[in-house]
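Asks: Below is one structure. I have some questions about it.
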Amino acid sequence: MFTSQINAVAVCRTPYKQKFGIPRQPGLVDVKGYVELVPELNNLDAIRGIEQYSHLWLLFCFHENLAQGWKTTVRPPRLGGNEKLGVFATRSTFRPNGIGQSVVKLHGVVQRKGKVCLEISGMDLLDGTPIIDIKPYIPFSDAILNAKGGIAHDAPELINVSFAQTAQIQLASLTQNDKYPQLQSLISAVLAQDPRPAYKKAKLDPKIYQVALYDLDIFWQVIDQEIVVIELKPTTL
Ligand code: SAM
């Protein structure tokens, strides 16, 4: 049986501090992140010429799920958790080798705190995700028009997002400096995906939810088929 030792080549830095609320696929929320090369690769050699590409493939490890193991069949959220599909017929985050792949937009190469970083956007990765490979996206072979997308053919339907008075006041004070880039558009875009499990969406749902973005906890509720952001607090995570 083939086995191989794989080492992270980088770590992904994103505003997503917990799994709940992260978009289900890349390109759904246009927020900036960074791919920080590991110290052994912390020079420009390995990424020389990478700026000629507009997008990159990131291969990574679903590191927060590894300990829970995996099963040969999974219940995709898109099917409401009722139907089972084989793990290889899904983009499940619980997989035999725990490997994920995401295509992200490349904005450029930057230095952050003395580390060589790729500035990216549109990622669907938890902050701290280990990156195991970085590859250029090659449109002539990677973009397959009219490909069949199975259960994941279309992007998730979006839900309206509004901000209650308290949240608007808090947002105004939190965005006075650039500590939380794109904060309002990030909150709106993340919540518009309606992160709740499918079975919760069918009925009245009075629960107050929380997602962690940057070092903030964002509290929200569904009222009349719309997501209302109630308040923003420093995170307890
Ligand atoms: N685009 C990738 C793919 O298809 O392999 C990931 C798709 S997966 C459905 C996206 C979800 O993975 C996110 O919504 C988040 O909940 C989860 N996730 C992201 N980073 C993770 C990590 N480091 N460990 C565990 N789960 C993670």
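The values are calculated or read from the model by the stated rules, or taken from the named source; none is laboratory data. Not measured: the values here are computed from a predicted model. Cβ coordinates were reconstructed from backbone atoms using ideal geometry, including for glycine residues, and neighbour counts include every protein chain displayed.
So that you can scan it fast, the table gives a plain yes or no per residue for (1) surrounded by fewer than 18 Cβ atoms within 10 Å (Cβ to Cβ); (2) near the ligand (Cβ under 9 Å from one of its atoms):
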{"position": "15", "(1), (2)": "no, no"}
{"position": "22", "(1), (2)": "no, yes"}
{"position": "25", "(1), (2)": "yes, yes"}
{"position": "30", "(1), (2)": "yes, no"}
{"position": "42", "(1), (2)": "yes, no"}
{"position": "51", "(1), (2)": "yes, no"}
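Asks: Hey, another quick one. Scan 108, 114 and give me the residue that is modelled with pLDDT of 95 or more and away from the ligand (no atom under 15 Å from the Cβ).
Replies: The conditions single out 108.
Asks: So how many residues does the stretch 118-128 have that are surrounded by fewer than 22 Cβ atoms within 10 Å (Cβ to Cβ) and in a strand (DSSP E or B)?
Replies: Residues flagged as surrounded by fewer than 22 Cβ atoms within 10 Å (Cβ to Cβ) and in a strand (DSSP E or B) within the stretch 118-128 amount to 2.
Asks: What pairs can you find where one residue is in the stretch 53-74 and without any contact (Cβ under 8 Å) to a residue 24 or more places away in the chain and farther than 16 Å from residue 123 by Cβ, the other is assigned to a strand (DSSP E or B) and more than 10 Å from the ligand (Cβ to nearest atom), and their Cβ atoms are less than 9 Å apart, with a gap of 6+ or different chains?
Replies: From the stretch 53-74, the pairs are 72/86; 73/85; 73/86; 74/85; 74/86.
Asks: Could you count how many residues in the stretch 70-84 are away from the ligand (no atom under 13 Å from the Cβ), modelled with pLDDT of 95 or more and not basic (Lys, Arg)?
Replies: Of the residues in the stretch 70-84, 2 are away from the ligand (no atom under 13 Å from the Cβ), modelled with pLDDT of 95 or more and not basic (Lys, Arg).
Asks: List the residue pairs whose Cβ atoms are under 7 Å apart, where the first residue sits in the stretch 82-105 and is under 18 Å from residue 23 (Cβ atoms), the second is among the hydroxyl-bearing types (Ser, Thr, Tyr) and more than 8 Å from the ligand (Cβ to nearest atom), and the two are 6 or more positions apart or on different chains.
Replies: 103/137; 104/121; 105/54; 105/121
Asks: Could you please let me know if residue 136 is surrounded by fewer than 16 Cβ atoms within 10 Å (Cβ to Cβ) and at pLDDT 95 or above?
Replies: Yes: the conditions hold for residue 136.
Asks: Step by step: first the residues of the stretch 66-115, then only those that are among the charged types (D, E, K, R) and under 19 Å from the mean Cα position of the chain (by Cα), then the one that is nearest to residue 1 (Cα to Cα). Which residue is that?
Replies: Among residues in the stretch 66-115 that are among the charged types (D, E, K, R) and under 19 Å from the mean Cα position of the chain (by Cα), the one nearest to residue 1 (Cα to Cα) is 95.
Asks: Would you confirm, using the coordinates I've provided, whether residue 65 is more than 21 Å from residue 28 (Cβ to Cβ), within 13 Å of the ligand (Cβ to nearest atom) and at pLDDT 95 or above?
Replies: No, not satisfied.
Asks: Of the residues that make up the stretch 119-141, is at least one touching a Lys or Arg at 6+ places or on another chain (Cβ under 6 Å) and among the hydroxyl-bearing types (Ser, Thr, Tyr)?
Replies: yes
Asks: Can you name every residue in the stretch 193-237 that is without any contact (Cβ under 8 Å) to a residue 24 or more places away in the chain, of a type in the set (S, T, N, Q) and over 20 Å from residue 19 (Cβ atoms)?
Replies: Matches in the stretch 193-237: 221 only.
Asks: Which residues, taken from the stretch 164-192, are touching a helix residue (DSSP H, G or I) at 6+ places or on another chain (Cβ under 9 Å), touching a residue at least 40 places away in the same chain (Cβ under 8 Å) and aliphatic (A, V, I, L, M)?
Replies: 167, 171, 174, 187
Asks: Enumerate the helices (runs of 4 or more DSSP H) found wholly within the stretch 129-225, keeping only those where 1 or more residues are of a type in the set (Phe, Trp, Tyr), more than 19 Å from the chain's Cα centre (by Cα) and farther than 30 Å from residue 8 by Cβ.
Replies: Details: elements: 139-142, 165-174, 183-192, 198-201.
Qualifying helices (runs of 4 or more DSSP H): 198-201.
Asks: Taking residue 150, is it in contact (Cβ under 8 Å) with a residue 12 or more places away in the chain, exposed (fewer than 12 other Cβ atoms within 10 Å of the Cβ) and not basic (Lys, Arg)?
Replies: yes
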